[in-house]
Amino acid sequence: MHSKSYAPSITKRRKVEKKICPRKKLDYEITYEEMREQVARKVTEHFKPKVSEKRVPVDPEVAAAEVYACLNNPPGPKTTLKLRPYADKCPPEN
């Protein structure tokens, strides 16, 4: 048995304040005009022009040299995929 007696620790509970914000209306609670506004907002947001990434210019001679190097030295047999024969996928016909 322990020689020291341990008293239960007293902990203070922190009150968590809930932020009360206006409840969003459910789909069946909105009016026709509100629905039209929401749909129009979503459609315009979806179809707005997107910013494309900047293209980095590539030297054609360097790219061609890399392609030809890969074509002349194909990867070894370890990196090739092993495909199952078609017969394994389907049951035998009788």
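The values are calculated or read from the model by the stated rules, or taken from the named source; none is laboratory data. Quick caveat: nothing in here was measured; it's all calculated off a predicted structure. Because the Cβ atoms are built from the backbone with ideal geometry, glycine has one as well, and the counts that use them run over all protein chains shown.
Among the residues of the range 19-43, write down those that are surrounded by fewer than 10 Cβ atoms within 10 Å (Cβ to Cβ) and not hydrophobic (A, V, I, L, M, F, W, C).
In the first step, residues of the range 19-43 are kept if they are surrounded by fewer than 10 Cβ atoms within 10 Å (Cβ to Cβ); the result is 19-24, 26-29, 31-33.
Matches in the range 19-43: Lys19, Pro22, Arg23, Lys24, Asp27, Tyr28, Glu29, Thr31, Tyr32, Glu33.
Considering the conditions (1) at pLDDT below 85; (2) in a helix (DSSP H, G or I), Lys42 is excluded by exactly one of them, (1).
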